[in-house]
Amino acid sequence: QSVVRVRALDKDDPKTDNAIVRYRVIAQDPPRPKADMFYINPVSGVISLGSDGLDRETTSEYTLTIEASDMEGNGLTASCTAIISITDTNDHAPELTVTSVCDTILPQ
């Protein structure tokens, strides 16, 4: 499932390898429940869910540090931060607790 896309622009000649950019996640905070919760397509920059286990009740936000490198990932680098907020789904049914019941009976 795609989350967001990052894009880097390189001012080198687009007809050379100098302008071919590759992406990677260099840090995820927090690193739980798994250190690879998110995956980035190295060519397109699309960030997707990489692992199961997202739960807003335990972690509501992730900060990813993304690195973009020219020369097909072997050249100069730049980085950015992507903040991903987790929204909740209705995954819990409501609980009903009855503490007392009163009923009035009227004589006929």
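Can you pull out every residue in the stretch 37-60 that is open to solvent by 90 Å² or more (accessible area, probe 1.4 Å) and either among the acidic types (Asp, Glu) or within 9 Å of the chain's Cα centre (by Cα) (or both)?
Tyr39, Asp52, Glu57
Being at pLDDT below 90 and among the β-branched types (Val, Ile, Thr) is the filter here, so list the residues in the stretch 17-47 that pass it.
none
The values are calculated or read from the model by the stated rules, or taken from the named source; none is laboratory data. None of these values were measured; they are calculated from a predicted model. Ligands, DNA and RNA are stripped out before the accessible areas are found, and what is left, the full protein with its side chains, is counted by its heavy atoms. Shrake-Rupley method; radii C 1.70, N 1.55, O 1.52, S 1.80 Å.
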